[in-house]
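The values are calculated or read from the model by the stated rules, or taken from the named source; none is laboratory data. Just so we're clear, the structure is a prediction, and the values are computed from it rather than from any experiment. Cβ coordinates were reconstructed from backbone atoms using ideal geometry, including for glycine residues, and neighbour counts include every protein chain displayed.
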Amino acid sequence: MRSNRVQMSNAASLSRRALMIGGLALGAAASTSAWRPSYAQVKLPDATASAERLDPRRVHLRWSGVPGPVTVLASSDANAPASLMRVLASDAPGNELTVDVGSAPRPYFLIEGPDGARLRVAERLLPLEAGRNFRDLGGYVASNGKALRWGRIYRSGVMSGLTANDLTYLAELGIETVCDLRSDSEIAGEPPPFSGMNAPRIVTFGYKMEATMASMGALFVAKTREEAVRAFASSYLEMADFLTPHYTDMFARLMRRETPLAFNCSAGKDRTGLAAALILSVLGVPRETVIADYALSEFYVPPDKYIAEMRTPTSQGPDVIPPQQRQLFSRMPDPVLRVMMGTDPEVMQMTLASIDAKFGGPIALAKTRYGLDDVAIDYLRTVYLA
């Protein structure tokens with residue numbers, strides 16, 4: 001069994017809490033022996049819904065903004081019409097309910113009010129035994145009022161440690177493409193675990209890890225949190241440049257509808273976080289939501305986890321920090337280390353502000369660097385928003 005554990009960072013600032021989607025955050029420590037909960041908190045116009053895994057069979061739903069009593073339906077198809085979904089509860093009062101989803105690998109829920117108001121919701125963090133920050137980008141609401149479809153685009157950290165059960169779970173989701181944003185050495189050290197006829201297409205573009213480390217040079221000499229935030233944001237801007245082949249290909253595959261598509265790096269927060277910010281921005285998701293999605297990584301994989309690994313040379317397992325990096329990072333002041341190992345929302349806020357200043361915004365950047373134009377962006381919004 002996997003254990004259910006909710007972690008809130010005591011060190012989180014008020015501004016960070018304000019940025020969390022719907023005001024709630026859930027962290028889960030990586031574990032292969034305990035049930036790990038996942039949480040989706042999706043803010044819709046005048047309505048909010050969330051799904052929290054309690055154990056292998058039960059999911060707790062919360063909602064607001066939908067007049068009751070409500071009908072709760074479920075399906076393993078993210079886009080199933082209500083007529084083809086299984087009714088879990090009828091005339092449910094209040095604004096929360098625990099439902100038994102049975103053996104459904106990935107349930108998608110529809111909460112329907114008597115006036116026709118509807119909310120679609122699912123777990124944001126996938127309940128994997130050994131996943132790292134593997135989550136669904138579905139449910140985020142764009143400025144046109146439409147929401148990103150669930151089950152189409154995923155973001156993740158390193159996947160090499162996934163268990164046989166995890167691989168079976170992901171196979172049932174039908175993931176077609178994995179855009180691996182890691183360097184040659186990272187991929188060689190922790191190769192993707194997929195194999196067989198039904199394995200997803202793995203897309204890589206070779207580059208040296210030194211390119212990533214060079215972009216973070218100022219971070220290694222930062223003395224304060226403020227210096228670290230500025231340095232990290234600057235490194236993200238450089239990532240937007242040297243990862244141009246990766247991001248261009250990623251958008252091209254989204255255009256060709258090679259989905260479900262997942263993209264990943266090692267921690268699933270920096271190169272992946274920037275990719276998610278670009279996708280959400282292109283789809284018209286408001287900036288505060290883009291920043292909130294970035295900030296979620298710190299709660300799913302708390303910085304203390306990485307810091308403990310660096311300060312415990314005898315650590316074992318797939319998350320072990322290489323000795324040379326451990327020595328380098330161990331000399332950093334704690335506030336700087338927390339910025340580097342976390343997802344401080346100010347980092348993404350400053351990154352996007354720099355993109356505004358240099359390119360005119362993320363959409364303009366995508367047009368300049370990643371092969372998109374107005375027609376392509378309209379098409380992506382038609383395909384991935386509903």
Quiz item: Which one is surrounded by the fewest Cβ atoms within 10 Å (Cβ to Cβ), of the residues in the stretch 329-353 that are among the small types (Gly, Ala, Ser) and at pLDDT 90 or above?
Solution: 353
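State yes or no: is residue 187 part of a helix (DSSP H, G or I), in contact with a strand residue (DSSP E or B) (Cβ under 7 Å, 6 or more places away or on another chain) and modelled with pLDDT of 95 or more?
yes
One line per residue, one yes/no per condition, for (1) of a type outside the set (A, V, I, L, M); (2) within 17 Å of residue 147 (Cβ to Cβ); (3) surrounded by 20 or more Cβ atoms within 10 Å (Cβ to Cβ):
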{"residue": "49", "(1), (2), (3)": "no, yes, yes"}
{"residue": "97", "(1), (2), (3)": "no, no, no"}
{"residue": "104", "(1), (2), (3)": "no, no, no"}
{"residue": "132", "(1), (2), (3)": "yes, no, yes"}
Self-check item: Residues being surrounded by fewer than 17 Cβ atoms within 10 Å (Cβ to Cβ) and not in a helix (DSSP H, G or I) - total across the stretch 206-247
Solution: 5
Quiz item: Is it the case that the stretch 263-275 has a residue that's within 30 Å of residue 376 (Cβ to Cβ), outside any helix (DSSP H, G or I) and without any contact (Cβ under 8 Å) to a residue 12 or more places away in the chain?
Solution: no
Quiz item: All but one of (1) among the charged types (D, E, K, R); (2) buried (at least 16 other Cβ atoms within 10 Å of the Cβ); (3) at pLDDT 85 or above; (4) closer than 20 Å to residue 221 by Cβ hold for residue 326; which doesn't?
Solution: (3)
Self-check item: Residue that is surrounded by the most Cβ atoms within 10 Å (Cβ to Cβ) [pool: residues in the stretch 354-375 that are among the aliphatic types (A, V, I, L, M) and out of contact with any Phe, Trp or Tyr (no Cβ under 8 Å at 6 or more places or on another chain)]
Solution: 355
Exercise. May I ask you to say which residue of 80, 130 is in contact with a helix residue (DSSP H, G or I) (Cβ under 7 Å, 6 or more places away or on another chain), touching a residue at least 12 places away in the same chain (Cβ under 8 Å) and either of a type in the set (Lys, Arg) or assigned to a loop (DSSP other than H, G, I, E, B) (or both)?
Key: 130
